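*Asks:* One structure follows; several queries about it will come next.
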Amino acid sequence: MMRFLCLLVVLACSVAQETPKPEKVALRQEIADLKVKAFELQQKIELLENQLKDVEEAEANRPVVSPALKTVAKARCAGHTKDGKRCTRNAEAGSRFCWQHKGHR
Ligand SMILES: [Zn+2]
């Protein structure tokens, strides 16, 4: 029995030494291919990350002008002061007049 086992092991060893080559080559080839793909993907990821960073930086640098701020900055009071001059106050949001002139337009 022991002798049979030994023979089996020897046989298995000799088989293992003779046959693995095509499979081993194929596996190595697959690993190499995957490594190339992984490298390419890594490069693509870095590229996309850089693009995202650029977009985010451009967004951060853009002056923030909200619609509400725009109208407030533009809208000047349409009223006039006692001496007939144009009121220099900013109109209230949603109104053409400042707090002082909105009562008597
Ligand atoms: Zn006014």
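*Asks:* Within the set of other residues whose C-beta is less than 14 Å from the C-beta of residue 37, count the net charge using Lys and Arg as +1 and Asp and Glu as -1.
*Replies:* Around residue 37, the surrounding residues sum to -1.
*Asks:* At 0.36 nm per residue, and after removing the present C-alpha to C-alpha distance, how many nm does the segment from residue 102 to residue 58 gain when stretched out fully?
*Replies:* Fully extending the segment from residue 102 to residue 58 adds 11.8 nm.
*Asks:* Taking the simple approach of a point 7 Å from Cα along Cα-to-Cβ for both residue 24 and residue 95, what is their distance in nm?
*Replies:* Between residue 24 and residue 95, the label points sit 8.9 nm apart.
*Asks:* May I ask you to compute the full-extension gain from residue 46 to residue 76, defined as 0.36 nm times their residue separation minus their alpha-carbon distance, rounded to one decimal in nm?
*Replies:* 5.9 nm
*Asks:* Right, something else. Whose amide H sits under 5 Å from the amide H of residue 76, counting only residues 5 or more places off or on another chain, with H placed in the peptide plane?
*Replies:* Under 5 Å from the amide H of residue 76 lie the amide H atoms of 91, each far enough along the sequence or on another chain.
*Asks:* Also, I was wondering about something else. Which of 88, 81 comes first, and how do the rest follow, when ranked by fewest Cβ neighbours within 10 Å?
*Replies:* In increasing order of surrounding Cβ atoms, one gets 88, 81.
*Asks:* Follow-up question, since we're still on this one. I want the local charge near residue 55. Using Cβ-Cβ distances under 12 Å, sum +1 for each Lys or Arg and -1 for each Asp or Glu among the other residues.
*Replies:* That works out to -3.
Bear in mind these aren't lab numbers, they're just calculated from the coordinates by the rules spelled out. A quick note: this is a predicted structure, and the numbers were derived from the prediction, not measured. In this analysis, Cβ positions are derived from the backbone assuming ideal geometry, glycine residues included, and neighbour counts consider all displayed protein chains.
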